[in-house]
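What follows draws every value from the coordinates through simple rules; no lab data is involved. Because the structure is a prediction, the values reported are computed rather than measured. Cβ coordinates were reconstructed from backbone atoms using ideal geometry, including for glycine residues, and neighbour counts include every protein chain displayed.
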Amino acid sequence: MPDYTKEFDRPEYYDHKIIAKETGEVIGTIRVKPTSILWKGKNIFGLLPEEILMSGVALCPEGRRIFPQLTVLENLKLGGYSRKDKSGLEESIERGFKLFPRLKERAWQKGGTLSGGEQQMLALARALMSDPELIMMDEPSLGLDPKSVLKVAHLIRQMASEGRTVLMVEQNVRLGMHLANDGIVMEGGRIRLSAPAKDIASDPEVASMYLGKTT
């Protein structure tokens, strides 16, 4: 059972643990000791980024953070730099192009010339290049037009259907609750609510505070 625990530097954050009991789920909160991030039973707190990557964890960061002066293909190859199997790397590139046909059309185009939606697709494809078990996504819809948001939402669903766990931080609450199996509402650095996403979305207080609905 994957077990994710995040500890922050400020004392008031020494509070809770987030547990994924099944692939694609994030549920549960209990009090934990400081400085622990558990992944598959191992504390990965303090490991080098490449060590975390090689343990099966990948990040799709806020703002995409692609390399604008490199081509789409070069960005993808960097995403799989930790892999030793050349054939597997090529297969992952082709898989990324299959998931995102627009990227294949722009394989030799510099990343910085892509649209916002295309850059987000590139960031997602790059995160998949290491063949991760867990993908952490930070604000995947930020700055995207409605059409691109729908595309990204479909792709997140597709990744989860392939058996990957997706841990997503999303300011678009409606989108987050639509995509998630389970959700967590945080306020002031503390977890206020952890429950199935459909229950959170139907909670009157949450609906009033975050969804703009009135009871």
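Amide H contacts under 5 Å for THR71: GLY111, restricted to partners 5 or more places along the chain or on a different chain, H placed in the peptide plane at 1.01 Å from N. Only the Cβ atoms of Lys and Arg (+1) and of Asp and Glu (-1) were treated as charged; on that basis the dipole of segment 49-180 about its Cα centre amounts to roughly 400 debye. With r defined as the distance between the Cβ atoms of MET186 and GLU62 and R0 fixed at 22 Å, what FRET efficiency is calculated, to the nearest 0.05? According to the calculation, E is roughly 0.90. Counted residue by residue at 0.36 nm each, then reduced by the alpha carbon distance between them, the extension gain from ASP138 to LYS40 reaches 33.1 nm.
Applying both filters, DSSP loop and at most 12 other Cβ atoms within 10 Å, to the GluC sites (Glu not before Pro) of segment 115-174 gives GLU162.
Expressed to the nearest 5 percent, the antiparallel share of DSSP beta bridges inside segment 49-180 is 10 percent. Each principal axis of the Cα atoms in segment 49-180 has its own extent, and those three values, largest first, are 40, 32, 24 angstrom.
FRET efficiency for SER82 and MET209, Cβ-Cβ distance as r, R0 = 41 Å, nearest 0.05? Approximately 0.50, to the nearest 0.05.
Taking 22 Å as R0, compute the FRET efficiency from the Cβ-Cβ separation of THR71 and GLN158 and round it to 0.05. Plugging the Cβ-Cβ distance into 1/(1 + (r/R0)^6) gives 0.35.
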